[in-house]
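Bear in mind these aren't lab numbers, they're just calculated from the coordinates by the rules spelled out. This structure is a prediction, so every number in the text was calculated from the model and none was measured. Virtual Cβ from ideal backbone geometry, glycine too; neighbours counted across all protein chains shown.
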Amino acid sequence: MKTTAALCLLAAAGAAAANPYECMIEPNQVVDLRSSVEGLIEKVHVQRGDRVRAGQVLVQLESAAENSAVLLAKAKADAQGRLQTAQNRLDYAQKKLERSNQLQAQSFMSAQARDEAEAEKRIVEAELRDAKEQRELAAYEYRHAQDFLNRRTLRSPFNGIVLDRMLNPGDLAEAGTGRKPILKLVQVEPLRVEVVLPLEAYGKLKTKTTAEVAPEGLGGRYTATVTVIDSVFDTASGTFGVRLEMPNAEAKVPAGIRCKVDFPALRGLPPKASLMRGTTLK
C-alpha cells in the first residue's frame, strides 16, 4: 500500500511539473508565386519538393523583346559622341574668346566681334549641358528597361520548399491575385507553433519566453520562443492564442503536424483538456 501511494504521489508530482498543451506546427509563410506581368513561361527551374534559397531564380518568362530594349537603352546610355563633340566645341569657343579678348584689348578687334565670340561660347555651353542631360536621361531609360526585364524573372522570397508546381513552360503566366499561381512555396525555417491557452494563463507569459515543443510521432523536444500573445479572447471557449517561433535548421521537422508544448511558466496551473481551436493566428 505504501509503495502504491508513493507511486501515485510521484505521478502527481510529474503531472504538476509537466503541463503540456496541444499545439500545431505550421509553416512560417505560405506564398503563391505569381508573375507581376503577363507572358509565356520559358523555364521553370524547380520541381515539387525542391529546397530553394532566398533570391534563387525559380521561373523565367519569355523576354526577347525586353532583352532587345535593354541592349538598345544601354547603347544610348554608353554613347559618347554627342557629349564629346559638344566638349570639343566648347574648348574651341573658349580659346576663340580668349584670343578675342586679347585682340580687343589691343584694339585689333571690334567690341562687337568680341561679343559674338562670347555669345558663341555661351551657346556651346548650353549644347554641352543638353548633351549631359540627354546622357542622364539615357541612363534612366536603361535602368527602366532593366527593371522591366527583371520583372520577367521570378525569384524565391525566402529559404523554403516548393510545395506545388501549377504551371509549366509554354503556359501563360497571368498577372493578378485572382490568376493561377506558378508555384506554391512554404517557409519552414523557422517554423510557427500555434497554441491555445486558458484564461488562467493570461499574464503569466511574455514575448521571448521559451517553451519546449514535442512534435507528435517524431520524438525529440525543441526549444521555441513566444512571439505573439493574443490580446483578444475567444468568448465561447474562454481561451486566447499564442504563437511561438521554432528554429528548424535543415528543415528536419515537417510542418502541418500536431505537437505538445510545455511552458515552464505555466506548470503551476491545473491540467487542461484539449484547447485547440479551429482558427489560428494570422
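When you restrict to C-alpha pairs under 8 Å that are six or more residues apart and normalise by the size of the chain, the relative contact order lands at 32 percent. Of all aspartates and glutamates in the structure, those lying under 19 Å Cα to Cα from K96, and not within fewer than 8 positions of it along the same chain, are D115, E116, E118, E120, E125, E127. With a threshold of 25 Å on the Cα-Cα distance, the over-threshold entries among K206/K260; K208/K260; K184/K206; K204/K260 are K184/K206.
Ranked by how many other Cβ atoms sit within 10 Å of their own Cβ, fewest first, the residues S156, S68 fall in the order S68, S156.
May I ask you to compute the full-extension gain from A113 to Q29, defined as 0.36 nm times their residue separation minus their alpha-carbon distance, rounded to one decimal in nm? Don't jump to the answer; show the numbers that get you there.
Values: separation 84, 0.36 × 84 = 30.24 nm, distance 7.60 nm.
Residue separation times 0.36 nm, minus the Cα-Cα distance, leaves 22.6 nm.
Angle of helix 64-78 to the longest C-alpha principal axis of the chain, folded into 0 to 90 degrees and rounded to 10: 50°. Taking other Cβ atoms within 10 Å as a rough exposure proxy, L266, L40 sort from fewest to most as L40, L266. Measuring nothing but alpha carbons in the range 141-282 and taking Rh as the Kirkwood radius, the Rg to Rh ratio lands at 1.11. Dividing the helix sum by the residues of the chain, where each DSSP H run of 4 or more adds -39500 (n - 2.57), gives a mean residue ellipticity at 222 nm of -12000 deg cm²/dmol.
If R0 is 51 Å, what FRET efficiency do you get for E62 and D130 from their C-beta distance, rounded to 0.05? Efficiency at R0 = 51 Å is approximately 0.85. Extension gain, V37 to D91, is 14.6 nm, computed as 0.36 nm per intervening residue step minus the present C-alpha separation.
Helix 111-150 and the long axis of the chain differ in direction by around 30°, with both axes built from C-alpha atoms.
Take each peptide in 138-149, 106-117, count the other Cβ atoms within 10 Å of every residue, and average; sorted highest first, the result is 138-149, 106-117. Which angle from 0 to 90°, rounded to the nearest 10, does the C-alpha axis of helix 81-105 make with the longest principal axis of the chain? It works out to around 40 degrees. Placing R0 at 22 angstrom, the Cβ-Cβ distance between N150 and K180 gives a FRET efficiency of 0.50 after rounding to 0.05.
Based on the Cβ-Cβ distance from L72 to R99, what FRET efficiency comes out when R0 is 35 Å, to the nearest 0.05?
Numbers: r = 43 Å, r/R0 = 1.22.
FRET efficiency, L72 to R99: 0.25.
Checking [x] 16.1; [y] 27.1; [z] 20.7 against mean projected area of the Cα convex hull in nm² calculated from these atoms, the matching label is [y].
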